[in-house]
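The values are calculated or read from the model by the stated rules, or taken from the named source; none is laboratory data. Here the structure is a predicted model, which is why all the values come from computation and not from measurement. Note: ideal-geometry Cβ built from the backbone for every residue, glycine included; neighbour counts use all protein chains shown.
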Amino acid sequence: MSAQDYLTDLFSLEGRVALVTGGSSGIGKAIATALAKAGAKVVVVARGREALAATVTGLTGQGCQAAWVSADLGSRDGIRAGAEAAAEAFGEPDILVSSAGINLRPPMGEIDESVWDTTMTVNLESPFLLGQRFGPGMAERGFGRIIHVTSQQAHRAFVQSGAYGVSKGALESLARSQAEAWSPHGVTCNTLVPGFVMTPLNERLASDPEQVAALAARTMTGRNGLAEDFAGAAVFLASRASAYVTGQSIFVDGGLSVH
Ligand SMILES: NC(=O)c1ccc[n+]([C@@H]2O[C@H](COP(=O)([O-])OP(=O)(O)OC[C@H]3O[C@@H](n4cnc5c(N)ncnc54)[C@H](OP(=O)(O)O)[C@@H]3O)[C@@H](O)[C@H]2O)c1
């Protein structure tokens, strides 16, 4: 067997369908791109149509198969409608990536119910409801990969975790519950845990060079993350190669969490 055939056997996503929420920006876009380049047909789901269309045009321009669905994952109806529309593009997904997320960052004492509700709906309820919609089908077909993008704040208080940290902590638990339920049927569920990644989510923090440098110094690699740093881990977790990896948190953070 050639090296190329060996790698294809382990990692190719040819014939798979992937749904990536938040696939129009930052980490989600990098993951959608990686999965598509590895052979999957990818549906990206977010609100903004322009960024969605640009993402898909970029992917199809590189010979990939991709489609987009505009949906607001900030409401249960939006999540349900988005799931159905996404499944129409290429059929039921084999790979479900939840990267859509918001971090509203008011100080703890000023978090009101609306900030709490919106944060929990986008960051936690969407991965839950999408899992309920697609997990059982994956289990029935005997193959599935569920990947949630969480945060350092799922594991420690860090740069004002607030409601965001709570949602991400619960998302780690959701991953373990989903793994427990569906791993016996070939469906793994894991999380990717970023450090500080330079994306639109962090625009406010990223505009303070001192804080950016201080965060880079906390890593072991000496730099902050880039969205593209998630490509390899995402393909691994989506592929056959990770069949025995489930219920885990994979830190893609330059060593930040262990420094
Ligand atoms: N960047 C970091 O340092 C960092 C660190 C730890 C964890 N994370 C996590 O990584 C994930 C991706 O973050 P990122 O940095 O890549 O952020 P980003 O560039 O701001 O991307 C967020 C994505 O989520 C979508 N989204 C937001 N609200 C939505 C809603 N209500 N309905 C549907 N889609 C929605 C956005 O599209 P629309 O706005 O068009 O809807 C966009 O595609 C998030 O879960 C975040 O919590 C990021």
Which residues, counting only those in segment 203-254, are on the phi > 0 side of the Ramachandran plot and surrounded by fewer than 16 Cβ atoms within 10 Å (Cβ to Cβ)? Gly222
Could you list, ordered by first residue, the pairs with Cβ atoms under 8 Å in which the first is in segment 180-208 and assigned to a loop (DSSP other than H, G, I, E, B) and the second is of a type in the set (Gly, Ala, Ser) and away from the ligand (no atom under 16 Å from the Cβ), at least 6 apart or interchain? Gly186/Ala139; Gly186/Gly142; Gly186/Gly144; Gly186/Ala243
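Residue by residue, here is whether (1) among the basic types (Lys, Arg); (2) under 25 Å from Gly131 (Cα atoms); (3) away from the ligand (no atom under 16 Å from the Cβ) holds:
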| position | (1), (2), (3) |
| --- | --- |
| Thr188 | no, yes, yes |
| Val193 | no, yes, no |
| Phe196 | no, no, no |
| Glu203 | no, no, no |
| Glu210 | no, no, yes |
| Gly232 | no, yes, yes |
| Val235 | no, yes, yes |
| Gln248 | no, yes, yes |
For segment 207-256, name all the residues that are within 26 Å of Ala170 (Cα to Cα) and at pLDDT below 95. Leu215
Exception for Gln132 within (1) under 30 Å from Gln65 (Cβ atoms); (2) more than 10 Å from the ligand (Cβ to nearest atom); (3) crowded, with 19+ Cβ neighbours inside 10 Å falls at (3)
Across segment 1-13, which residue is nearest to the ligand (Cβ to nearest atom) among those that are modelled with pLDDT of 95 or more and not in a helix (DSSP H, G or I)? Leu13
What number of residues in segment 138-159 are assigned to a loop (DSSP other than H, G, I, E, B) and under 14 Å from the mean Cα position of the chain (by Cα)? 2
